[in-house]
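Below is one structure, written out as structure tokens; comments come after it.
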Amino acid sequence: MRSSISIFWRRKDSYYKVLLTRCKRCGRASFFARDVCPYCGSSDVSIVKSSGRGRVVSYTVSYFRTDSNEEYLPLVIALVRLDEGVYVTGELRDVEPAEVREGMEVEAVLRRYSSDDPYGLIYYGLKFIPVIKRC
Amino acid sequence: MRDVYIASSSMINISRHFNRGYKELAGAVVKDVVEGASVEQLDYMVVSSMLAESSLNQLDLATILTQHLGLKPMPAIRVDTGESSGLAAVEIAYSLITAGRADTVLVVGVEKATEFPTRVTNRFLSKVLDYEVEVLRNITPPNYAALIMKEYMKKYRVSREELTVWPVKMHDNALRNPYAQLKFKITPSKVLNAIKISEPITLYDMFPIGDGAAALILASSRVARKSGKEVLLVRDVVSATSRPLYLRDDITRFESLATLISMLRRKYGFRIDDAVCEIHDSYSIYAYIILEELGIARRGASYKEVENLVYVNVSGGLKARGHPFGATGVYQVSEVYNVMVKGVGGVKFDGAFGLTHSMSGPDYNSRLCLLERVV
């Protein structure tokens with residue numbers, strides 16, 4: 001077993017939704033749910049849910065093999081600017097690496113992160129995919 | 001505050017030491033460093049290792065090592081600050097002596113990174129990032145180096161080809177270093193055409209996986225004077241942490257390093273062009289940024305100045321000397337000591353200062369050690 005079930009379960013809200021920490025003192029919002037603002041240290045924060053939509057600022061196609069990612073390689077890891085103006089790094093799926101573009105609109109959807117083979121837990125969480133244009 | 005000197009240093013060659021465990025690697029450098037120091041007793045041992053729990057299945061490495069090596073019972077502690085653990089061990093040893101808690105401290109950096117297949121070690125080493133926020137979401141350290149490299153190339157209009165100069169230079173330097181892991185020349189085209197790790201990072205932009213051990217004995221002036229070792233003073237060791245990559249306003253800057261170097265400049269008035277340096281070039285893009293933060297090169301133009309750098313990473317750096325994680329910071333101090341006192345492969349530095357820089361991840365923490373010649 002490579003991952004801890006309790007670590008994952010405790011943070012599940014942060015893996016199933018794009019949560020931001022909004023600081024009432026300095027006014028800045030940041031990725032991931034925290035009890036304190038990572039910019040100013042204030043505990044006067046609220047956790048807000050992001051729309052999960054944004055644009056690719058930059059990306060890399062990764063071939064760096066670990067024993068928990070090898071079945072998914074290559075991975076596209078992107079720096080995304082959410083519509084709320086907050087930056088987040090995360091995986092981009094459902095697109096050929098050669099077709100990823102800076103400025104591409106993306107949205108967060110539920111996907112599989114990894115699994116504890118052969119009988120362990122499967123870890124699900126949000127990844128980004130290109131926004132599907134609805135006509 | 002009491003002065004701290006380097007009484008002795010020792011290293012072994014960095015390699016895939018399949019036939020030797022961490023006890024043998026540490027044992028070899030401890031024996032050597034104790035013999036070289038001519039001190040009567042050791043007051044404290046500080047051990048650094050990044051992967052002990054993961055790779056060695058061992059907790060409390062410091063105690064187990066004192067037992068195995070037959071050292072007289074003494075206080076022993078293991079430190080971990082990720083990839084900069086080795087320099088953190090030097091920092092703790094320095095603090096113990098300046099605070100008057102010890103007169104002689106044995107520092108041992110040891111890493112066995114090859115006990116598991118590379119893909120397993122890759123998972124272990126990725127845990128220098130935030131496990132809950134980054135690692136579980138499949139982000140690994142070279143991904144960040146790649147994002148930073150792309151941003152740097154865009155911001156300063158630098159081509160991928162122009163950024164091959166660092167690894168080529170490091171492989172040249174490593175040819176002179178008897179302890180280096182990668183002792184062969186490479187060319188720009190070899191860098192560009194090597195297997196991709198995380199685009200645009202290729203195999204030759206990244207450190208190799210290897211085992212190593214290095215040791216130092218630090219001593220107070222009382223002890224150093226007695227043994228005639230008042231040669232190289234550890235002037236200061238400073239460290240700082242910074243924000244994760246996705247919370248940075250400018251990912252082409254290393255803020256904690258910038259804070260540390262300006263602190264040392266203010267406090268000691270030293271000039272970087274009067275120093276021999278070992279820097280933490282885990283990925284070649286990090287080397288360019290570090291050169292700029294230290295004031296060795298102009299922003300966005302460090303690649304143009306690499307050719308002329310004689311006294312930066314004489315060892316070959318993490319790129320070619322190697323990066324046995326928890327031991328790397330101890331190697332760096334030993335290398336600067338050697339190049340200032342004895343000379344390495346025909347290179348001897350006669351200036352006043354030595355500087356080593358070690359960090360974890362992309363400057364998630366940084367540490368600087370300033371050495372000064374006193375005779």
Q. Using a 1.4 Å probe on the protein chains only, how many percent of the accessible area of chain A belongs to carbon and sulfur?
A. 49 percent
Q) So what's segment B:218-332 giving for Rg/Rh, alpha carbon basis, Kirkwood Rh from the mean inverse pair distance? A) 1.00
Q | Under Karplus coefficients 6.51, -1.76 and 1.60, residue-wise ³J(HN,Hα) of segment A:104-115 in Hz, glycine/proline x | A | 4, 6, 9, 9, 8, 9, 7, 9, 8, 7, 6, 9
**Q.** Acute angle (nearest 10 degrees) that the helix B:255-268 long axis makes with the longest principal axis of chain B, alpha-carbon atoms
**A.** 50 degrees
Q) What average number of partner chain Cβ atoms lie no more than 10 Å from the Cβ of the residues making up B:115-123? A) 4
(Q) Which order do the peptides B:48-59, B:293-304 come out in when sorted by mean C-beta neighbours inside 10 angstrom, highest first? (A) B:48-59, B:293-304
Q: Between A:TYR119 and B:LYS31, with labels modelled 7 Å along Cα→Cβ, what's the label distance in nm to one decimal, could you check?
A: 4.7 nm
**Q.** Complex-versus-alone comparison for segment B:177-202, residues with a loss of 50 Å² or more in accessible area, probe 1.4 Å
**A.** B:GLU199
Q. Relative to the compact globular guide of 2.2 N^0.38 Å, what is the alpha carbon radius of gyration of chain B, as a ratio?
A. 0.92
Q. How large is the accessible surface per residue of chain A, computed with a 1.4 Å probe and reported in Å² as a whole number?
A. 51 Å²
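Just checking the output field for B:294-304: average partner chain Cβ neighbours within 10 Å of each residue's Cβ? Walk me through the numbers before you get to the answer.
Values: counts 0, 0, 0, 0, 0, 0, 0, 0, 0, 0, 0.
For this peptide, the per-residue mean of nearby foreign Cβ atoms is 0.
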Q | Cross-link pairs beyond the 31 Å C-alpha cut-off, checked among B:LYS150/B:LYS185; B:LYS154/B:LYS267; B:LYS72/B:LYS112; A:LYS127/B:LYS23 | A | B:LYS154/B:LYS267; A:LYS127/B:LYS23
Q) Can you put A:TRP9, B:TRP166 in order of accessible area, largest first, using a 1.4 Å probe? A) A:TRP9, B:TRP166
Q: Could you tell me the distance between the Cα centroids of segment B:189-256 and segment A:27-47, to the nearest Å?
A: 31 Å
Q. Which chymotrypsin sites (Phe, Trp or Tyr not before Pro) from segment A:42-135 combine a DSSP loop assignment with at most 13 other Cβ atoms within 10 Å?
A. A:TYR119
Q) So what is the calculated 222 nm ellipticity per residue for chain B, using -39500 (n - 2.57) for each DSSP H run with n of 4 or more, over all residues, to the nearest 500 deg cm²/dmol? A) -10500 deg cm²/dmol
Q) Over the heavy atoms of B:VAL310, what accessible area does a 1.4 Å probe trace out, to the nearest 10 Å²? A) 80 Å²
Q: Ignoring everything but the protein chains, give the 1.4 Å probe accessible area of A:VAL131 in square angstrom, nearest 10.
A: 30 Å²
Q) In nanometres, what is the gap between the two model label sites at B:ALA194 and B:GLU40, each 7 Å from Cα along Cα-to-Cβ? A) 5.1 nm
Q.
Suppose we keep just the DSSP beta bridges with both residues in segment B:264-375; what percent of those would be antiparallel, to 5?
A. 65 percent
Q | Length-normalised contact order of segment B:183-332 in % [C-alpha pairs under 8 Å, at least 6 apart] | A | 31 percent
Q | chymotrypsin sites (Phe, Trp or Tyr not before Pro) restricted to DSSP loop in segment B:1-88 with at most 16 other C-beta within 10 Å | A | B:PHE18
Q.
Considering only protein heavy atoms and a probe of 1.4 Å, how much of the accessible area of segment B:266-375 is carbon and sulfur, as a whole percent?
A. 48 percent
Q.
Are there any trypsin sites (Lys or Arg not before Pro) in segment B:308-356 that are in a DSSP loop and have at most 13 other Cβ atoms within 10 Å? List them by number.
A. B:LYS342
Q | Cα principal axis extents for the protein assembly as shown, largest first, Å | A | 83, 49, 47
Q: Grab the DSSP H runs of chain A that are 4 residues or longer, score each as -39,500 (n - 2.57), total them, divide by all residues and round the 222 nm result to the nearest 500 deg cm²/dmol.
A: -1500 deg cm²/dmol
Q | Potential lengthening between A:ARG53 and A:ARG10 on full extension [0.36 nm per residue; Cα-Cα distance subtracted] | A | 13.0 nm
Q. B:THR259 to A:ILE129: FRET efficiency via 1/(1 + (r/R0)^6), r the Cβ-Cβ distance, R0 25 Å, to the nearest 0.05?
A. 0.05
Q) If you plug each phi of segment B:115-125 into the Karplus form 6.51 cos²θ - 1.76 cosθ + 1.60 with θ = phi - 60°, what whole-Hz ³J(HN,Hα) values come out, in order, with x for Gly and Pro? A) 6, 10, x, 4, 5, 7, 4, 4, 5, 4, 6
**Q.** In sequence order, calculated HN-Hα J values of segment B:38-48 (Karplus, 6.51, -1.76, 1.60; Hz; x Gly/Pro)
**A.** 6, 10, 6, 8, 10, 9, 7, 10, 10, 10, 10
**Q.** Accessible surface buried upon B-A contact (total; probe 1.4 Å; Å², nearest 100)
**A.** 3300 Å²
Q: Taking the Cβ of A:VAL45 as the centre, find all other residues whose Cβ is under 12 Å away and add up their charges (Lys, Arg: +1; Asp, Glu: -1).
A: +3
Q. With all protein chains present, how much of the accessible area of segment B:28-171 (probe radius 1.4 Å) comes from carbon and sulfur, to the nearest whole percent?
A. 50 percent
**Q.** Full-extension gain in nm, B:GLU305 to B:MET74, via 0.36 nm per residue minus C-alpha separation
**A.** 78.4 nm
Q) Using every alpha carbon pair in segment B:94-165, what percent of pairs falls into each 5 Å bin from 0 up to the bin containing the largest distance? A) 3, 12, 13, 11, 10, 13, 14, 11, 8, 4, 1
Q: Could you please report the charge total around B:PRO208, scoring K, R as +1 and D, E as -1 over all other residues with beta-carbon less than 10 angstrom from its beta-carbon?
A: +3
Q: Mind checking B:127-140 for the average number of partner chain beta-carbons within 10 Å of each residue's beta-carbon?
A: 6
Q: Would you kindly give the portion of the calculated P(r) for segment B:270-350 that falls above 19 Å, as a percent of all Cα pairs?
A: 35 percent
Q. To the nearest 10 degrees, how steep is helix B:22-37 against the longest Cα principal axis of chain B, on a 0 to 90 scale?
A. 60 degrees
Q) For segment B:6-55, what is the accessible area per residue in Å² when the probe is 1.4 Å? A) 39 Å²
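The values are calculated or read from the model by the stated rules, or taken from the named source; none is laboratory data. These numbers come from a predicted model, not from an experiment. Note that we place each Cβ from the backbone using ideal geometry, even for glycine, and neighbour counts take in every protein chain shown. Accessible surface is based on the protein model in full, side chains and every heavy atom, while ligands, DNA and RNA are left aside. Shrake-Rupley method; radii C 1.70, N 1.55, O 1.52, S 1.80 Å.
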